[in-house]
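The values are calculated or read from the model by the stated rules, or taken from the named source; none is laboratory data. Computed from a prediction, not measured in an experiment: that's the story for all the values here. Note: ideal-geometry Cβ built from the backbone for every residue, glycine included; neighbour counts use all protein chains shown. The accessibility values were calculated without ligands, DNA or RNA, using every heavy atom of the protein model including side chains. Shrake-Rupley method; radii C 1.70, N 1.55, O 1.52, S 1.80 Å.
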Amino acid sequence: MTEAIRGFWVASATPLASDGSVDSARLVAHAKQLFGKGVDGVVLFGTTGEGTSFNVGERVATVEALLKAGVAAERIGIGGGFPAISDSIALTRAVLGLGLRHVLFLPPYFDRNVTPAGIEDAFAAIIDGVADDRLRAVLYHIPQISGVAIPTSVAANLRKRYGKTVAGLKDSSGDFKQFQAFRAAAPELAITVGNETDIARAIAGGGAGTICGMANIAPELVKAMIDGKDVESRMQAAVDIVVKSPSFLPTLKAILATQTDDAAWLRVRPPLRALTDGTALKSKLDELTSPAIA
C-alpha cells in the first residue's frame with residue numbers, strides 16, 4: 001500500500017437513491033469508470049461528496065459496499081472531518097479495520113476563533129485516539145469553506161510529532177503561495193492540490209498530485225494538467241462553469257446527470273437544492289473538453 005496519496009485522485013461526488021441514502025451501486029460504477037480514465041483513487045465524502053451531510057455509519061457502510069464490489073482498499077480515501085473528535089476517531093478506526101489507510105481530516109470548523117495550538121491539539125487528539133500505525137492522515141486545508149485555516153506551523157509540527165502517520169496535506173485554498181508555504185514548512189508531507197488550474201505548477205514545485213472535484217466531469221482535462229500539457233486556460237474556463245454558478249455541487253451533479261443520461265445524479269441532500277437540467281452546462285463543458293488535447 002502507498003504511504004501517502006499521490007498522483008491522480010478524484011474527490012468523488014456522492015450519488016443518492018430516491019430516499020436520500022447513498023446509492024452505492026452508482027458510486028461503484030462511477031469509480032470504476034474513472035479508473036478506466038487513468039484515475040488512481042477516489043476520496044469519498046469530501047467537500048465535493050457532500051461529506052458533512054453523512055454520519056459515521058453511512059460512510060462506513062459505503063466503504064463496505066465499494067470493497068464488496070471489488071474496489072481495492074488502497075484506491076479509496078475518505079473524509080473523516082466531523083465537529084466531534086470522537087466521530088473522527090470512530091470513523092477512522094472503522095475504515096482502518098476494513099483495510100483503508102487514507103483519511104482526510106478537517107480542522108475543528110465549529111470554532112472560527114480557535115488558536116493554532118488548539119488546531120494542533122484537535123488533530124493530535126484524533127491521531128492519539130485512533131492509536132493505529134496503519135493510519136496515513138491527510139490534513140485538509142479549505143478555509144474558504146470550513147472557515148478555519150491550517151497554519152503552516154501546525155502542519156510542520158504534526159509531521160514532526162507523528163512522522164509518516166501524518167502523510168499528507170490537501171491544499172484546496174486556491175492560493176498557490178499557500179501551497180508553496182506548506183511545501184517550505186513541511187517538505188516531507190505529500191501535498192496535493194484541489195484547485196485544478198494549479199496542478200501542473202504544483203507538481204513542478206514538488207507537489208504530490210491532485211485530489212479534485214472537476215475530475216468527476218472532466219477527467220481527461222485533469223489528466224492533461226497532470227501530464228504538463230498546455231491546457232490551463234481550458235481548465236480555468238471549465239472550472240468557471242461550475243464554480244461561478246449559484247451552487248457548485250448541484251451544478252456539478254447536473255452536468256454528471258446529463259453526461260450519463262441518468263437523472264438520479266441530480267439528487268442532493270438538504271440544504272442544497274437540485275438543478276433540473278444540466279444540458280446547457282454540459283454543452284459549454286464539451287466545447288472545452290472535446291477538442292483533442294495535444
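Just a few scattered comments:
- Neighbourhood charge, 14 Å Cβ-Cβ cut-off, centred on L34 and excluding it, Lys, Arg +1 and Asp, Glu -1: +3
- Between amide H atoms placed 1.01 Å from N, distances below 5 Å from G7 occur with G209, T210, all of them 5 or more places distant or on a separate chain.
- Two-decimal log10 I(q)/I(0) for the chain, as the Debye equation yields it once each C-alpha is a single scatterer, q = 0.08, 0.13 Å⁻¹: -0.31, -0.85
- Note on the stretch 93-238: with neighbouring protein chains present and a 1.4 Å probe, carbon and sulfur make up 48 percent of its accessible heavy-atom surface.
- With a Förster radius of 22 Å applied to the beta-carbon distance between F110 and E58, the computed FRET efficiency rounds to 0.65.
- Sites matching chymotrypsin sites (Phe, Trp or Tyr not before Pro) across the stretch 40-148 that sit in DSSP coil, with at most 15 neighbouring C-beta atoms within 10 Å: F110
- In this calculation the C-beta distance from S233 to A131 is compared with R0 = 51 Å, giving a FRET efficiency of 0.60.
- For the stretch 1-109, GluC sites (Glu not before Pro) meeting the loop criterion (DSSP other than H, G, I, E, B) and having at most 15 other Cβ atoms within 10 Å: E3.
- Under 15 Å, Cβ to Cβ, from G228 - net charge with Lys/Arg +1 and Asp/Glu -1: -2
- Length-normalised contact order of the stretch 1-82 in % [C-alpha pairs under 8 Å, at least 6 apart]: 36
- Averaging the Cα positions of each part gives two centres, and for the stretch 1-74 and the stretch 202-260 these lie 18 Å apart.
- Convex hull of the stretch 219-294 built on C-alpha atoms - directionally averaged projected area, nm²: 5.2
- log10 of Debye I(q)/I(0), alpha-carbon scatterers only, for the stretch 3-111 at 0.09, 0.10, 0.13, 0.21 Å⁻¹: -0.20, -0.25, -0.43, -1.16
- The chain, helix-only ellipticity at 222 nm - DSSP H runs n ≥ 4, -39,500 (n - 2.57), divided by all residues, nearest 500: -13000 deg cm²/dmol
- Taking a straight Cα-Cα cut-off under 15 Å and skipping sequence neighbours fewer than 8 places away in the same chain, the aspartates and glutamates within cross-link reach of K284 are D240.
- Extended-chain gain in nm, criterion 0.36 nm per residue less alpha-carbon gap, K37 and D286: 88.0 nm
- With a cut-off of 19 Å on the backbone N, the residues of the stretch 163-194 near the modelled label site 7 Å out from K244 along Cα-Cβ are 174-175.
- If the convex hull is drawn through the Cα atoms of the stretch 53-149, its volume per residue in Å³: 91
- Computed magnitude of the charge dipole of the stretch 44-159 (debye, nearest 20; Cβ of K, R +1, Cβ of D, E -1): 300
- Those lysines that a straight Cα-Cα span of less than 20 Å connects to K170, excepting residues fewer than 8 apart in one chain: K160, K223
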